[in-house]
Each structure stands twice: as C-alpha cells, then as structure tokens.
Amino acid sequence: MNAPLTLEGVLRPAAADQAAAAAAPWAADFPILARPVRARRLAYLDNGATTQKPQGVIQALADFYEQSNANIHRGVHWLSQHATDLYEQARSRVAGLLNAPNSQDVIFVRGTTEAINLVAQTWGQSLAPGDEILVTDMEHHSNIVPWQLLCARTGAVLRHARVTDSGEIDLDDFRSCLNARTRLVALAHVSNALGTVNPVAEITRLAREAGALVLVDGAQAVAHAPVDVQALDCDFYAFSGHKIYGPTGIGALYVRASILQKLAPWQGGGDMIHTVSFEGSTWAEGPQRFEAGTPNIAGAVALGAAIDYVQSIGLPVIAAHESALLAEATERMLALPGVRLVGTARHKAGILSFLVDGIHPHDLGTILDTEGVAIRAGHHCAMPLMARFGIPGTARASLALYNTQADIDALVAGVRKAQKLFGV
Ligand code: PLP
C-alpha cells in the first residue's frame, strides 16, 4: 500500500488503495454496525463526534468489572494491586500510542476538553496581564473557551491566526501574531470541521523561536494516523478515548516531563497528595498529582484495549484506508450538482464538510437519517470558523476504519434523494 506514514504525509492514495477501501474487514468487529437503523443498513459517518466500539473494548469493560474491579493506588489487597497494575498498564499504552518518552508523562482525564482546562488552570496560573495565547480560527470551542476564561482571570490576551479560503492556517498571519509576549500556541492537529491536517511540527518550530509553548488538540488525530509527540516537539498533547474506539469519560493529556514536574495541582482530594495536615499538604509526584479522587479505572483499562486494537491493525494501514475512502467520497460528492466542499486543504484527514445548494444542512442530515446514514450537521462546535466562512454550519461526513464504499454509496444516494425531494 502507498500508505501515508504520518498525518503530515501526503494523503494521495494509489488506485490499489482505493480498491482496498471497498472492503473494510474490521467492520465485523463492531457489533453496533450490524443493527439496522430506521430499517436500513447503518452507514455511520459521524465518527468525528464519537467512534463505535469494537467487541474487544466492550469486553474489556465488562471483564474489568467481572474480574478486576477494586479501587487503585490505595489497597493492600490483591484485587486493588491488580486493578492498579491494569490502570498503569493502560497509561503505558497511551504513552506508546503517542510515543511519549515515559508513561509518567501521561495524565488520565475525562477527555480533550478536560485536558485543555487542566492546562489552563495549572500552567495558565503563571500568566500575567499582557501575556498572549495564540490559537487559530479553526479551533473547536474546547480550545477557545478555556483560554477565554483564563484570560478573564489573568488579564492575558487571546489572539487567533487566520485560516485561508481552503481551510489551512495562514502561516504569514500566524507568524505575524507570534511575538515575545506569546506564551502558548494552542491548535488542533486535525480540524474537526474541515479535516485539515495542520503542520504541527513547523508550527512548533516557529513557536519555539518565539519562546512559546505548544499545546496540540489531538481529538481528531490519534485514531487516524500515527502521532509522535517527540517528533512534533509539542509540550502538551490532548485526546479523547471515545474518538479512538474507547469508552466515553476517559482521555489523556501528555505533558513534557520538565513542565509536568513544575505544574501545581488543579483539583484537590484523595490520591493526588503525599501528606495532608491542617498546617498544609504536600503533593504526589508525577501524573497522580493531577488525578484527584477515584478515576475512571475501567475506562482507562478499556482505552488501553482500544489502543491495542488500533495498533493490531496498524495506524498507517488505517490512514491509508481512510485516505482512499476520503478521495473517493470527495470525487463523488463533487460530481453531484450543487455540492460545495468547505475545507479543501492539501493535507486532509477523513472529514468531508459540505454544503448542498438549496438544502439546509439540518434538513440534509434529517433526510440522510431516514436512509440510515448518520452524519453531523451544524457548526461542529467551531462557531468562529463558521463565521470566518460566512455560513451557519455544514453537513459533515467523518470516516473511521470500519467505513466502506457501501457507506459512501449510501451517502451519495442520500444526498441525491434530498436534492430530488427539494427539487434542486
Ligand atoms: N477538539 C476537537 C478538534 C474535537 O473535535 C472535539 C470533539 O468533537 C473536542 C476537542 C472535544 O472533545 P471531548 O468532547 O471529547 O472533550
């Protein structure tokens, strides 16, 4: 296969890969895909919102509660030590997925949103009035609002770099926004609304030159191609387990070790302390300092199973499969009259945002639903980006490893049906 090896690679599939996209042998691993929806075969194309779960992940959750359940880090008994081992093994799996130097660089959180809020409420405490945080116009609300709240508390300033008409970061504008006051650059690895794969390694190099740290929102990246935080040279990398075939309510934040060691805690409680007295408390070392209270132990263990699952297939193989499907979907959608893509960047992951003349995206989503095709319609939690393009929202089909040519057929047929119904 002519597989792109990283998200930054050129997503141009060979003809053989396009043919391979017709069949996705992995769909059989996902029980929900076998259930009819509205008496139709389900074409699940809302993977940007959340992915479905393979049987192995569902089983890992059930197995944990059937065989291993106990609280962690605090028990002298066998089950507690066993549960602790499983939880810490899951941390190592996350470190492996991101190529983090050490599992102690990984903090378990609820998801991307919580990870970014954690950085804002810990590292962000050091900001002074006039310090700047730089994001881009294509960020998800969860990579905008925590910084707005932080700026309101500290007097720091939130700036945003422009996006071009094709949906790429305008690097000239980005450079002009960077200056000696920039303390942090926070950007998506892959845009959830456009599919753009951002040149994170290059951005990181520019940010470093300006003396700024870099946070990468990897919510739409980790399930779709290999990610290497060391090659990206970023300081923080956040993702959600539910977008990589794992459960909801669990995710992870990678923090560069030299930064993590200095971060003050954010939530106080059990498990994050070393000692507690009324005179004052001291904090646990490493990621535990940021994991107050009983965490989502079963979720972490099942996330570990999800990571094992994608790695057993191979992220380069998944990337090639999705890229072939994206190429086909793009070609076929553009062949329809009145269809316009929003997001035509040179490097894209498996997200197709589009508009159909004369049909509101919500109406389109509703008609596709009657055909068993699940897509997302709306602003995709990226209202500033929609404002940038002067549109209220888009229809979005987002791909995962189990999607097939049949799903693309259903999407295209559904759009044709909507056009006939609307007489456009
Ligand atoms: N960032 C991006 C790019 C996303 O697509 C999403 C969710 O769609 C998030 C952040 C927030 O993820 P979560 O709701 O899992 O915290």
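Note on the range 166-185: among residues that are without any contact (Cβ under 8 Å) to a residue 40 or more places away in the chain and not polar (S, T, N, Q), the one that is surrounded by the fewest Cβ atoms within 10 Å (Cβ to Cβ) is Ala180.
All of (1) assigned to a helix (DSSP H, G or I); (2) farther than 15 Å from Asp46 by Cβ hold for Arg340 with one exception: (1). Taken over the range 386-409, the criterion of being of a type in the set (S, T, N, Q) and within 17 Å of the chain's Cα centre (by Cα) is satisfied by Ser398 alone.
Show me the strands (runs of 3 or more DSSP E) found entirely inside the range 229-301 where at least 1 residues are within 16 Å of the ligand (Cβ to nearest atom). Don't jump to the end; show me each part of the working.
On the way: elements: 236-240, 251-255, 273-277, 280-283.
In the range 229-301, 236-240, 251-255 are the strands (runs of 3 or more DSSP E) which contain 1 or more residues that are within 16 Å of the ligand (Cβ to nearest atom).
Taking the range 141-156 as the range and being aliphatic (A, V, I, L, M) and open to solvent by 60 Å² or more (accessible area, probe 1.4 Å) as the test, the residues that pass are Val145, Leu149, Ala152. Mind checking whether some residue in the range 67-84 is within 30 Å of Ser258 (Cβ to Cβ), polar (S, T, N, Q), open to solvent by less than 60 Å² (accessible area, probe 1.4 Å) and at pLDDT 95 or above? Yes, some residue in the range 67-84 is within 30 Å of Ser258 (Cβ to Cβ), polar (S, T, N, Q), open to solvent by less than 60 Å² (accessible area, probe 1.4 Å) and at pLDDT 95 or above.
Taking the condition more than 14 Å from the ligand (Cβ to nearest atom), open to solvent by 10 Å² or more (accessible area, probe 1.4 Å) and at pLDDT 95 or above, does Leu127 pass? When the stated conditions are applied, Leu127 passes them.
Screening the candidates Ala231, Ala188 for the property of being surrounded by fewer than 24 Cβ atoms within 10 Å (Cβ to Cβ) and among the hydrophobic types (A, V, I, L, M, F, W, C) yields one hit, Ala231. Being in contact (Cβ under 8 Å) with a residue 24 or more places away in the chain, more than 16 Å from the ligand (Cβ to nearest atom) and either touching a strand residue (DSSP E or B) at 6+ places or on another chain (Cβ under 8 Å) or within 30 Å of Gln148 (Cβ to Cβ) (or both) is a property that Arg110 lacks.
The conditions of being without any contact (Cβ under 8 Å) to a residue 24 or more places away in the chain and within 16 Å of the ligand (Cβ to nearest atom) are not met by Val163. Regarding the range 397-404, can at least one residue be identified that is surrounded by fewer than 24 Cβ atoms within 10 Å (Cβ to Cβ), touching a residue at least 24 places away in the same chain (Cβ under 8 Å) and not aliphatic (A, V, I, L, M)? Yes, some residue in the range 397-404 is surrounded by fewer than 24 Cβ atoms within 10 Å (Cβ to Cβ), touching a residue at least 24 places away in the same chain (Cβ under 8 Å) and not aliphatic (A, V, I, L, M).
The values are calculated or read from the model by the stated rules, or taken from the named source; none is laboratory data. Here the structure is a predicted model, which means the values were calculated and not measured. No Cβ is skipped: glycine too gets one built from the backbone with ideal geometry, and neighbour counts run over all protein chains shown. Side chains included, ligands, DNA and RNA excluded: accessible areas come from the protein's heavy atoms. Shrake-Rupley method; radii C 1.70, N 1.55, O 1.52, S 1.80 Å.
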